[in-house]
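Before any comments, here is the structure.
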Amino acid sequence: MVLTKSELFELTRPPESYDQEVAARTSSLFCWLAAFWFFITPLTFFGVSAQSSDWNAWIVGGAMVVAAMVRIIHPAGTSLFSVLNVVLSIWVLLSPFVFGYEHDTYRLINTLFVGMIVLGSSLLSLSITKSSRNRAPKMGAEGR
């Protein structure tokens, strides 16, 4: 059996692409952990309540959890979910001021840290995925 270079490339991935996939998954895991914490934060601070900021945490936190999970399961080709988490994390950073709990120090610090962790890990995951796509070897006419 004779393999062409393109068939051989399909059988073996370069180690750096695997490493970048692991790095993207790891940063998405940190994003998922922070998003999950944001999702359950209303229960830890208040128990069950009907405050609008609680609904914000459940809806936005739930969306961030799902987006991070998609990135963990399949980081290649799902960079839009990292962009979604970047946008949602910016909303999380602004939400204490929108919902008026900036004077509740512990809750403010918690929300700002969650927002920064999700923002940083989403940007990192996005940049890893973008850089791996830019470095992917191209099989042109010379590779045949």
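The values are calculated or read from the model by the stated rules, or taken from the named source; none is laboratory data. Note that this is a predicted model, so its numbers are computed, not measured. We place every Cβ from the backbone using ideal geometry, glycine too, and count neighbours over all the protein chains shown. With ligands, DNA and RNA removed, areas are computed over all heavy atoms of the protein, side chains included. Shrake-Rupley method; radii C 1.70, N 1.55, O 1.52, S 1.80 Å.
Brief remarks follow.
- Modelled this way, with points 7 Å down the Cα-to-C-beta line, the labels at residue 76 and residue 26 are 2.0 nm from one another.
- In this view, the solvent-accessible surface of residue 124, computed with a 1.4 Å probe and all protein chains in place, comes to about 90 Å².
- Length gained on full extension, residue 109 to residue 59: 16.0 nm, using 0.36 nm per residue less the C-alpha separation.
- The mean of 1/r over all pairs of different alpha-carbon atoms in the stretch 51-120, once inverted, gives a Kirkwood hydrodynamic radius of 12.5 Å.
- Stretch gain in nm, segment residue 90-residue 52, where the contour uses 0.36 nm per residue and the Cα spacing is subtracted: 11.9 nm
- Efficiency of FRET between residue 40 and residue 102 - r from beta-carbon atoms, R0 25 angstrom, step 0.05: 0.75
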